[in-house]
Every structure is written in structure tokens, then in C-alpha cells.
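**Q** After the C-alpha cells below, expect a handful of questions from me.
The values are calculated or read from the model by the stated rules, or taken from the named source; none is laboratory data. As the structure is a prediction and not an experimental result, all values here were calculated from the model. Cβ placement follows ideal geometry from the backbone for every residue including glycine, while neighbour counts extend to all protein chains displayed. The accessibility values were calculated without ligands, DNA or RNA, using every heavy atom of the protein model including side chains. Shrake-Rupley method; radii C 1.70, N 1.55, O 1.52, S 1.80 Å.
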Amino acid sequence: MRAKLFFPFGMAVAIGVLGLFGTQSMAAEKFPNKPIQVIIPFQPGDTDNLLRPFVEKMGEFLGQPVSLVYKPGAAGAVGAGFVAASKPDGYVMVGTSQSSIVVVPLTNKDVGYTLESFAPVAALVASDSLLVVQSSSPWKTLKDLVEDSKKSPGKITYTSSGTFGVNHLIPEALCKEAGIKWTHIPSQGSGPAITAVLGGHVNMASTAIAPALPHIQAGTLRPLAVFGVNRLKAFPDVPTLKELGYNISSPGYYGISAPKGTPKEVVNAIYAAAKKAVEKYNDQIATRLASLGVEIKLLGPEEYAVYLKSQNDLFSGVLKTLKK
């Protein structure tokens, strides 16, 4: 009698255990079972244009649509903070450069998040910044500009997309190293910064390449230096700051990050979709990005995390230098 009772009980336990593992497996396999949002923490017209060629293709490989949702404000802190506080399940991510998830929390401790609040998923685009002046400007090279700056400290003005952004801090680091002083007049975004230069309201702009590209191509703006590691394919004759003798380099990579605690298998699934999108639609994506003066830069979760950490170290050092 006992044997008869024990056998069904043992079978029940075994079935229960198998059922548990089966349920867990099915749950893991179900991601995603609803649409995914990529939060853009800025106004339309820049970051969204860089990430859209990837995002609109990723849904094909995830089985669910992936869409861009705008939550601008506070130099990207509103959107980034929203994602940092979201459920870590892979359905809400932030799409941005290093600006809003690295630089903003370093310069504003009140935003409520840090780089450690995110799980890097993938870098997608390389979009360096550069220093531009009007084509009618007397400065043909950065050397010309630096020499004139030494003669009139603080007289020469420049603008960027906002205070304490990447494109504000890099010129400040340059000034420190060159022993000169410029006056920063912030704009409310990259577009207004370019408009300010073209209108003669400031002497130059520190800007992402995309908003400056058509004006450089039209001959109304002149690029003096690139902030990244390498020269840009769009402007092979424009030197980097490193080439010009300055120990400053900040390659701008745009990518997507999830909230901290997002399961590794979910992060890997999203990255795999991005990778497949790049593999299948490489020429189409590359052509769209080329029209913006930028390139594909695909990095996986680990590589992207290393890059973001390096940027965190860089700007932590820049800020300490500027306080001296």
C-alpha cells in the first residue's frame, strides 16, 4: 500500500519540478510579448534621426514593434531618469549618446541616477562632434583661433547645445590645456546653436556633426577640429584635437541602454536583434546615416559598457580639472 501511495507522490513531485522549469523556460522565451519603447530624452531632430534606421528594423527580429518615444527636458535627464526608474524587463530603454547618462549625472547630482543605473545594450552609431566657425571667419585653422584667443582672453564666444553637455565640456578642456579663455553662451539644442553661429551672434559652435553637415557642405560653415579619435569620413581633411597636439579625445557613440537589473538574456536578445538588423540592412542603414555625416558603430553590451565607463572617467577628470 505504501509503495502504491509513494509512487504517485514521487511522480507528482517530478511532474511539478518539470512543470516549474517548463514555466520558467516559457517565460524566458516569451520576451518580448508586447511592444518595446526606446525613450529619446531630447526634442526630435538629432538623436532620433541617428537611431531610427536601427530601431525600425529591430522589430522584425524581435517579433514585436520597437518605437521611439520622446521625453525631453533638463539636458536629457527627464527621459534618462524615467528609464532608470522603469521596471527592468527590457520593454523601456533609453536611446542617447554619452551625454545624458554619463555627463548629466556627473554635473548634476540631483537627477537621481548615475551611469550605474543602466544596463548597456548596444552602441549603434559613431557621431563625433566638431568645432565650426562661419566660412567668412578669419580663422582658417584651430592654431589661428588659439593665437587670437591668447591676445583677447574671454572675448571670443562659442555656443553648444547646453551647459555642461559634452560639447560644452570638451571646449572648456581645450581652453584649459591651450591656456586660453572663451566665453560660453549656451543654446537650447544643436539646431539653435548652428543658427547662432550663422547669424553672427557667437563666433563659433561646438556641435554634433549632423546639424552642421548641410551648412559645411553648402560652404557657410568651416570645421576646424574633430573631437573624436579619428578623422571623419565626411571631412577627411579636418584634423582631430589629438593630431593638433591636445590630449583630448571623446568619440561620440549613440546607443541604447536598459534599466539596471534587466536580465542578461533580455539584454542579449535585444542586442541580437540590433546585430541582425545591421547584418541584413547594412547598406540601407549606412546610406541613411551617411546623409547625416555619421557611421554605423555596433558594440555589444560588454564593449558598450567599457566605452561608457571610459567616458565617465574622461568627464570626471575634465570636471575636476575645470574646478582647479
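**Q** Please report the orientation-averaged projected area of region 176-233, defined via the convex hull of its C-alpha atoms, in nm².
**A** Values: hull surface 19.3 nm².
Seen from a random direction, the Cα hull of region 176-233 projects 4.8 nm² on average.
**Q** Considering only protein heavy atoms, what per residue accessible area in square angstrom results for region 131-228 with a 1.4 angstrom probe? Walk me through the numbers on the way to the answer.
**A** Working: 3910 Å² over 98 residues.
Solvent-accessible surface per residue comes out at 40 Å².
**Q** Per-residue counts of other Cβ atoms within 10 Å, averaged by peptide: what ranking do you get for 214-220, 289-295, highest first? Display every interim value, and only then the final one.
**A** Numbers: 214-220: 14.1, 289-295: 18.4.
Output ranking for 214-220, 289-295: 289-295, 214-220.
**Q** In percent, what relative contact order does the chain have, based on Cα pairs under 8 Å that are 6 or more apart in sequence? Walk me through the intermediate numbers first.
**A** Values: 598 pairs, mean separation 79.7, N = 324.
For the chain, the relative contact order is 25 percent.
**Q** Pick out, from V111, Q37, L169, the residue whose Cα sits farthest towards the positive end of the charge dipole of the chain, with +1 on the Cβ of Lys and Arg and -1 on the Cβ of Asp and Glu.
**A** V111
**Q** Can you give the accessible area of K309 in Å² (nearest 10), computed on protein heavy atoms with a 1.4 Å probe?
**A** We get 100 Å² for K309.
**Q** At what distance in nm do the modelled label points of S291 and Q64 sit from each other, each positioned 7 Å from its Cα along Cα→Cβ?
**A** Placing both labels 7 Å beyond Cα along the Cβ direction yields 3.0 nm.
**Q** When the chain is treated as a GNM, springs tying every alpha-carbon pair under 10 Å, which of K71, K181, K151 comes out with the largest mean-square fluctuation?
**A** K151
**Q** Among [x] 20.2; [y] 19.7; [z] 21.2, which is the computed Kirkwood radius over Cα pairs in Å?
**A** Given [x] 20.2; [y] 19.7; [z] 21.2, the structure-derived one carries the label [z].
**Q** Multiply the residue separation of N268 and D283 by 0.36 nm, subtract the distance between their alpha-carbon atoms, and state the gained length in nm to one decimal.
**A** Values: separation 15, 0.36 × 15 = 5.40 nm, distance 2.37 nm.
Contour length minus the Cα-Cα distance gives 3.0 nm.
**Q** Still on this structure: Tally the DSSP beta bridges in the chain and give the antiparallel ones as a percent, rounded to 5. Mind dumping the intermediate values first?
**A** On the way: 23 of 36 bridges.
Of those bridges, close to 65 percent are antiparallel.
**Q** Sticking with this one: Extension gain R231-N247, at 0.36 nm per residue separation less the Cα-Cα distance, in nm? Please report the intermediate quantities before stating the final value.
**A** Details: separation 16, 0.36 × 16 = 5.76 nm, distance 1.54 nm.
Full-extension gain reported as 4.2 nm.
**Q** Let me ask another. In whole angstrom, and with the biggest value first, how far do the Cα coordinates of region 87-218 range along each principal axis?
**A** Rounded to whole Å, the extents work out to 54, 32, 22 Å.
**Q** In debye, nearest 20, what is the charge dipole magnitude of the chain about its Cα centre with +1 on Lys and Arg Cβ and -1 on Asp and Glu Cβ, if you could check?
**A** Rounded to the nearest 20 debye, it is 480 debye.
**Q** Could you tell me how far the Cα centroid of region 201-258 sits from the Cα centroid of region 280-324, in Å?
**A** Distance between centres, Cα-based: 13 Å.
**Q** Please compute the volume of the convex hull spanned by the alpha-carbon atoms of region 175-324 and report it per residue in Å³.
**A** Working: hull volume 21.9 nm³, N = 150.
Taking only Cα atoms, region 175-324 has a hull volume of 146 Å³ per residue.
**Q** Next up: In region 81-236, what % of DSSP beta bridges are antiparallel (nearest 5)? Mind showing how you got there, number by number?
**A** Working: 10 of 14 bridges.
Given both bridge residues lie in region 81-236, the antiparallel proportion sits at roughly 70 percent.
**Q** Picking from P263, P251, T287, whose Cα lies most toward the positive end of the charge dipole for region 238-294 (charges on Cβ: Lys, Arg +1; Asp, Glu -1)?
**A** P263
**Q** Right, another one. Show me, for region 288-296, the HN-Hα J-couplings you get by feeding each phi into the Karplus relation (A = 6.51, B = -1.76, C = 1.60, θ = phi - 60°), rounded to Hz, glycine and proline as x.
**A** Here the 3J(HN,Hα) series is 5, 5, 4, 5, 9, x, 10, 9, 5 Hz.
**Q** Now a separate question. Identify all lysines with a Cα-Cα distance to K57 below 18 Å; exclude those on the same chain that are fewer than 8 residues away in sequence.
**A** The reachable lysines, counting only those whose Cα sits under 18 Å from K57, are K34, K275, K276, K280, K297.
**Q** Could you give the length gained by full extension between K181 and S316, i.e. 0.36 nm per residue of separation minus their alpha carbon distance, to one decimal place? Kindly include the intermediate steps, with their values, before the conclusion.
**A** Numbers: separation 135, 0.36 × 135 = 48.60 nm, distance 2.07 nm.
Using 0.36 nm per residue and subtracting the Cα-Cα distance, I get 46.5 nm.
**Q** Counting only protein heavy atoms and using a 1.4 Å probe, what share of the accessible area of the chain belongs to carbon plus sulfur, as a whole percent? Numbers along the way, then the final one.
**A** Numbers: 8750 of 15280 Å².
The computed percentage sits at 57.
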